[in-house]
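*Asks:* Structure in C-alpha cells, see below.
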Amino acid sequence: MPTPPQPRTAPLPPEQRTAAAPAEAPYAPQRVPAQRRQAPAAAPTEPSLFPAGGHPPVRQTAPVGPSAASAPHAGAPTAQAAPHAGAPTARTAPPAGPSAAHTTPASEPSAAPASQEGTPPDAVLIQRTMATVTPVADKVTSYFYALLFVRHPDLRPLFPAAMDAQRDRLLKALLTAAEHIDNTDVLVPFLQNLGRGHRKYGTRPEHYPAVGECLIGSLSRYAESVWDDETEAAWVRAYTTISQVMIDAAAADELRSPAWWHAEVVSHELRTPDIAVVTVRPDQPYPFLAGQYTSVETPWWPRIWRHYSFASAPRSDGLLSFHVKAVPAGWVSNALVHRARPGDVLRLGPPAGSMTVDHTTDSGLLCLGGGTGIAPIKALIEDVAEHGERRPVEVFYGARTDHDLYDIDTMLRLQQAHPWLSVRAIIDQQAHLQLPDAIREYGPWNEYDAYVSGPPGMIRSGVDVLRNAGIPHERIRHDSLEELVASGS
Ligand SMILES: NC(=O)C1=CN([C@@H]2O[C@H](COP(=O)(O)OP(=O)(O)OC[C@H]3O[C@@H](n4cnc5c(N)ncnc54)[C@H](O)[C@@H]3O)[C@@H](O)[C@H]2O)C=CC1
C-alpha cells in the first residue's frame with residue numbers, strides 16, 4: 001500500500017493558479033495500475049528477431065513484392081508523382097485493411113527471420129539500412145510517396161489532397177516497426193493498433209504489397225551502399241510480418257467495430273482564445289477506456305486526422321469530450337476551435353492507447369499533465385472515482401502561464417470531491433521548478449505508477465525525472481511520442 005507522498009521541502013504556496021499549489025491529499029489507496037507500456041516508438045529496443053518459437057511464422061497472405069521494388073530506382077519519380085496536390089495538411093494513407101480471407105483474430109505477429117549461418121540477423125541488416133538512410137530521410141520519404149503514387153495511382157485518393165510535412169507518417173510508422181522487428185512486446189500492439197486504425201482510411205489487404213514494394217524500392221535506392229540480397233530479404237520478411245499483423249488486426253476488428261464513427265458536436269466551449277472543449281455524440285456506441293485517445297477528422301479537411309484524448313471517463317449518456325488547442329498552421333485544431341459548432345458532424349476513428357488504469361492493483365497514481373495533456377488525466381481521475389477506489393492520485397498540472405491553466409477549476413472541483421486526490425498547479429513563470437522537475441519536491445514516488453501526458457518534450461523529460469525518482473520504466477505510461485509529434489496540428 002503506498003504512502004502518501006510527502007513534500008521534501010516546504011510545500012509550495014497553496015495558490016493553485018500560481019506556482020505549485022500543493023493540496024493536502026488524504027486518501028486511502030486501493031489499487032494500482034500495473035500495465036505494461038505501450039507505445040511503439042517511445043520504447044522499443046532490444047535485439048533478437050522474433051525469438052525462435054516465440055511467434056509463428058507469418059502467413060504470406062499480403063506481403064510485399066520485393067524484387068519489383070528494387071528494380072525501378074533508376075530515375076527519380078516523375079514530377080507529377082511528387083506528392084503535393086493542393087490543399088491542407090496531410091496524413092498517412094496506408095495499406096491494408098481486413099479481408100474476408102483474414103478473419104483470424106488479430107494475430108500473433110509472426111515473423112521473421114531466422115538468420116542463416118554466417119548471415120547477420122535481420123535486425124542488424126535493418127538497423128544498418130536505417131543508419132544509412134536516416135541522414136537523407138526527407139529524400140527517402142519523397143521518393144517513397146512518389147513511387148507509390150506513380151505506380152499505384154489508385155492509392156492516391158486514400159491520402160489527403162495535400163501532402164505536407166506530415167506526409168511521412170505512414171513511412172515513419174513502417175520504419176519504426178521495422179526497426180523494432182525483434183521486440184514483439186512493443187511491436188505487436190503497435191501494429192495491431194495501426195492495422196485497426198487504418199480501416200478508416202479504406203485500406204485493404206491488397207494495398208499492402210504496393211506499399212511494401214515502394215518501401216523497399218526507396219530504401220534500396222538510398223541505402224545502396226549497404227543494400228544486398230540479404231538485406232532485401234530481411235526487409236521483405238520484416239514487412240511481411242508487419243503487414244500481416246496489421247491485416248489480421250484489421251480483420252478481427254471488422255467483426256466487432258465500425259471502421260469509423262460519425263459524431264455530432266453537441267457543445268463547444270471556448271475556454272481561452274485558442275482552447276476549446278468540444279463535446280460530441282457518436283452515432284453508435286463508442287466503447288473506450290479512460291486514458292485512451294482517438295483520431296478525429298473534421299468535415300472541412302477530409303482525410304486529415306488528428307489524435308485527441310478523451311477528456312472524460314466513459315459517460316452514461318455516451319457523450320465524448322475533447323480538449324483542443326488551436327496551433328499555428330494546424331488545420332484540424334483550428335477548425336475544431338474556431339469553426340466547429342453544435343450540429344457539425346465529425347468522424348472518429350477507433351480508440352487507442354494503453355495509458356489506462358489497472359484496477360487490479362492498489363498503488364497510487366502520479367499524474368503529470370502539461371497544457372491540454374491534462375485531458376486524459378482528468379479522465380483517469382474520473383475512472384478511479386467511478387471504481388470507488390480511494391487510492392492516492394497526485395496530479396501535477398503544468399502550464400506556461402496562469403492563463404493557460406484552462407481546466408484548473410474542474411481539477412479543483414474534483415479535488416474537493418475526492419479526498420484521495422491532490423492537484424498541484426505548476427506554472428512555468430512562477431514555480432522555481434517546472435513541471436517534470438517539480439515532482440522532486442514531493443514523494444517518495446517509488447510505489448506509484450506514473451502517467452505522463454503533454455508535449456513530447458515534456459514526456460521525454462518527465463520519463464527521465466520519474467526514472468530518477470525510482471519509478472521503473474514499466475510503471476511509467478504515456479502515449480506514443482511518434483503519435484504525439486504527428487498529431488500536433
Ligand atoms: N489535447 C489532448 O487531448 C492531448 C494533448 N496532448 C499534447 O499536449 C500538448 C499540449 O500542448 P500545450 O497545451 O501547448 O502545452 P505547452 O507547450 O503549453 O506546455 C505545457 C506544459 O508542459 C511543459 N513543457 C513543454 N515543453 C516541455 C519540455 N520540452 N520539457 C519539459 N516541460 C515542457 C511546459 O513547461 C508547460 O508546463 C500537445 O503537444 C498535445 O499534442 C497530449 C495528450 C492529450
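Rule-based calculations on the coordinates, nothing more; no lab input. The structure displayed is predicted, hence computed values, not measured ones. Here the Cβ is made from the backbone with ideal geometry for all residues, glycine too, and neighbour counts use every protein chain on show.
*Asks:* For the pair Thr361/Ala417, report the inter-label distance in nm, with labels modelled 7 Å from Cα in the Cβ direction.
*Replies:* About 2.7 nm, to one decimal.
*Asks:* If R₀ is 41 angstrom, what is the calculated FRET efficiency for the pair Val124 and Arg440, using the beta carbon separation as r and rounding to 0.05?
*Replies:* So, using R0 = 41 Å, E works out to roughly 0.55.
*Asks:* Among all the lysines, which ones have a C-alpha under 23 Å from Lys378's C-alpha, if same-chain residues fewer than 8 places away are not counted?
*Replies:* Lys325
*Asks:* In addition: Net charge near Ser321, counting Lys/Arg +1 and Asp/Glu -1 over other residues with Cβ under 10 Å of its Cβ? Walk me through the intermediate numbers first.
*Replies:* Values: positive: Arg315, Lys378; negative: Glu269.
Cβ neighbours under 10 Å give a net charge of +1.
*Asks:* Please state, to two decimals, what the Cα-based radius of gyration of segment 364-486 comes to when divided by 2.2 N^0.38 Å (N = residues).
*Replies:* Cα Rg divided by the expected 2.2 N^0.38 Å: 0.98.
*Asks:* Neighbour counts of other C-beta atoms within 10 Å: give me Arg199, Arg339, Arg477 arranged from fewest to most. Write out the running numbers ahead of the final one.
*Replies:* Numbers: Arg199 23, Arg339 13, Arg477 27.
Placing the least packed residue first, the sequence is Arg339, Arg199, Arg477.
*Asks:* Rounded, prolate or oblate: pick one for segment 344-419, where a ≥ b ≥ c are the square roots of the eigenvalues of its C-alpha gyration tensor, a/c under 1.5 means rounded, and failing that, prolate if a/b is larger than b/c, else oblate.
*Replies:* It comes out oblate by the Cα gyration axes.
*Asks:* Which of His338, His359 comes first, and how do the rest follow, when ranked by fewest Cβ neighbours within 10 Å? Kindly include the intermediate steps, with their values, before the conclusion.
*Replies:* Values: His338 12, His359 17.
In increasing order of surrounding Cβ atoms, one gets His338, His359.
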